[in-house]
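The values are calculated or read from the model by the stated rules, or taken from the named source; none is laboratory data. A quick note: this is a predicted structure, and the numbers were derived from the prediction, not measured. Here Cβ is always computed from backbone atoms with ideal geometry, including for glycine, and neighbour counts include all displayed protein chains.
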Amino acid sequence: MKDITDLFSETKSGLIKGIISRGGVVLAEKVENSKNVLTKDPAFAEDIARTMEKKTGVKGFITTDELPSFGISVGERHQIEKEFACGDNDMVVLVADKKEKAEAGLKIFFEEIVKR
């Protein structure tokens with residue numbers, strides 16, 4: 001788990017800027033050999049997001065597979081992938097919130113992925 005908040009210092013993403021301006025952080029972690037797993041199964045992704053919100057209050061997550069979106073640019077996606085030395089089949093999951101909540105959210109994300 002890495003704090004990549006600094007990668008968003010110039011972001012145009014209103015979502016990310018808003019969270020950071022309220023004292024939040026952007027935490028992320030690489031998921032090896034999982035590229036497009038969640039985009040191919042949106043119901044599974046929604047289940048993970050609901051579980052995260054129920055258990056931690058975190059409103060969801062973003063993966064590099066979804067980018068560019070949410071105001072996050074292609075360039076920012078490339079920076080994230082470089083930061084995590086992603087291979088062709090890897091994705092990075094991002095959770096943005098207060099640090100403790102973001103950490104808990106990422107933990108739930110990985111617990112749910114493992115169950116699959």
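Inside region 1-49, can you point out the residues that are assigned to a helix (DSSP H, G or I), more than 17 Å from Arg116 (Cα to Cα) and over 12 Å from the mean Cα position of the chain (by Cα)? Can you show your working first?
First pass over region 1-49, keeping only residues assigned to a helix (DSSP H, G or I): 5-8, 14-21, 37-40, 42-49.
Checking which are more than 17 Å from Arg116 (Cα to Cα) leaves us with 5-8, 14-21.
The answer is Asp6, Leu7, Phe8, Gly14, Leu15, Lys17, Gly18, Ile19, Ile20, Ser21.
Condition first: buried (at least 20 other Cβ atoms within 10 Å of the Cβ) and either over 17 Å from Glu81 (Cα atoms) or β-branched (Val, Ile, Thr) (or both). Now tell me which residues in region 14-28 satisfy that.
Going through region 14-28, the residues buried (at least 20 other Cβ atoms within 10 Å of the Cβ) turn out to be 16, 19, 25-28.
Hits for region 14-28 are Ile16, Ile19, Val25, Val26.
Can you find, within region 54-75, the residue that is nearest to Ala43 (Cα to Cα) among those that are out of contact with any strand residue (DSSP E or B) (no Cβ under 6 Å at 6 or more places or on another chain) and among the β-branched types (Val, Ile, Thr)?
Thr56
Conditions tested, residue by residue: (1) out of contact with any helix residue (DSSP H, G or I) (no Cβ under 8 Å at 6 or more places or on another chain); (2) surrounded by fewer than 13 Cβ atoms within 10 Å (Cβ to Cβ); (3) on the phi < 0 side of the Ramachandran plot; (4) at pLDDT below 95.
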residue	(1), (2), (3), (4)
Lys30	yes, no, yes, no
Pro42	yes, yes, yes, yes
Ile80	no, no, yes, no
Val95	no, no, yes, no
Lys98	yes, no, yes, no
Lys101	no, no, yes, no
Phe110	yes, no, yes, yes
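Working only within region 44-78, note down all residues that are at positive phi and of a type in the set (Phe, Trp, Tyr).
The answer is Phe70, and nothing else.
Just a yes or no: is a residue in region 67-82 in contact with a Gly (Cβ under 6 Å, 6 or more places away or on another chain) and charged (D, E, K, R)?
Taking region 67-82 first, the residues in contact with a Gly (Cβ under 6 Å, 6 or more places away or on another chain) are 71.
Now restrict to residues that are charged (D, E, K, R): none.
Looking through region 67-82, none of the residues is in contact with a Gly (Cβ under 6 Å, 6 or more places away or on another chain) and charged (D, E, K, R).
Look at Lys115 and say whether it is surrounded by fewer than 21 Cβ atoms within 10 Å (Cβ to Cβ), over 13 Å from the mean Cα position of the chain (by Cα) and closer than 18 Å to Leu7 by Cβ. Before the answer, list the steps.
Numbers: surrounded by fewer than 21 Cβ atoms within 10 Å (Cβ to Cβ): yes; over 13 Å from the mean Cα position of the chain (by Cα): yes; closer than 18 Å to Leu7 by Cβ: no.
Judged against the criteria, Lys115 is not a match.
Condition check ((1) under 15 Å from Lys2 (Cβ atoms); (2) among the basic types (Lys, Arg)) across all residues:
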position	(1), (2)
Lys55	no, yes
Val58	no, no
Asp65	no, no
Phe70	no, no
Gly75	no, no
Val93	yes, no
Glu100	no, no
Ala104	no, no
Phe109	yes, no
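Can you tell me which residue in region 61-94 is farthest from Gly14 (Cα to Cα), limited to those that are in a helix (DSSP H, G or I) and without any contact (Cβ under 8 Å) to a residue 24 or more places away in the chain? Working first, answer last.
Kept after step one, since they are in a helix (DSSP H, G or I), are these residues of region 61-94: 64-66, 74-83.
Then keep just the ones that are without any contact (Cβ under 8 Å) to a residue 24 or more places away in the chain; that gives 74-75, 77-78, 81-82.
Working: Val74: 16, Gly75: 16, Arg77: 16, His78: 19, Glu81: 21, Lys82: 23 Å.
Filtering first and then ranking leaves Lys82.
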